[in-house]
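These notes are about the structure you will find just below.
Each reported figure results from applying straightforward, stated rules to the coordinates on display, with no laboratory input. Keep in mind that this is a model prediction, so the values were computed, not measured. In this analysis, Cβ positions are derived from the backbone assuming ideal geometry, glycine residues included, and neighbour counts consider all displayed protein chains.
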Amino acid sequence: MLIKIAADHFIDDDILLKSRKSSMTNFRPMHDYESCAIIALWTACDLIRPWNPPEADIALAQGNPNTEIFVAAPDGNIIATFMVGHDGHRAWVYYLAVHPEHRREGWGRKAMAAAEKWGRAHNMPKMHLMVRQTNAATVAFYEQLGYDDAETVVMERWLDNERGEIKKAAGKPK
């Protein structure tokens, strides 16, 4: 069943319910006041890049009716996040982060299950994600969940010249 959580925002009630197997809460939409904690988690998980200011990404997500950021905070502290959205053709997941002290506890799998439920609730036929080419461990994680290489090259052109110059100055990762 879909539950209205804000104007034009709905979520499957299973995502909001506590797990029957443990006292851990599942994912819920972020609150505005949690931005700093979310950015700290993303930083701890090495997801931040100078050309993608997380404050800007959060603001874009909050201002877009097709995008949401979810958090898991079982004891009040955010230990996992993901951003999910759709472009009308496919769902995308970004910023999947699990605090290093809580890895191997199933939070990544729970995040992806919640993201996939969100995609289904929005009638998306598939879920896409991007992983940096240098991140073999994360590729292996997604492969274990049944994700495959889409045999697609992702290309970009910066519309924000300032951010594009920041990325250019950083050079290619090794």
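Things worth noting here:
- Neighbour counts of C-beta atoms inside 10 Å place His128, His122 in the sequence His122, His128, starting with the fewest.
- Here Glu165, Glu116, Glu101, Glu68 are placed in order of increasing Cβ neighbour count within 10 Å, fewest first, which gives Glu101, Glu165, Glu116, Glu68.
- Only lysine pairs 8 or more places apart or on separate chains count here, and in segment 2-170 those with Cα atoms under 24 Å apart total 10.
- Put in order of Cβ neighbour count within 10 Å, fewest first, the listed residues Leu159, Leu129, Leu60 become Leu159, Leu60, Leu129.
- Rounded to 5, the percent of DSSP beta bridges in segment 2-170 classed as antiparallel: 85
- Direction-averaged projected area, Cα convex hull, segment 85-174: 7.5 nm², rounded to one decimal.
- Only the Cβ atoms of Lys and Arg (+1) and of Asp and Glu (-1) were treated as charged; on that basis the dipole of segment 2-170 about its Cα centre amounts to roughly 400 debye.
- Rounded to whole Hz, the Karplus (6.51, -1.76, 1.60) HN-Hα couplings of segment 156-163, x for glycine and proline: 9, 9, 6, 8, 9, 4, 4, 5
- Kirkwood hydrodynamic radius (C-alpha pairs) into Stokes-Einstein, segment 2-170, 4 °C and 1.567 mPa s, D in µm²/s: 77
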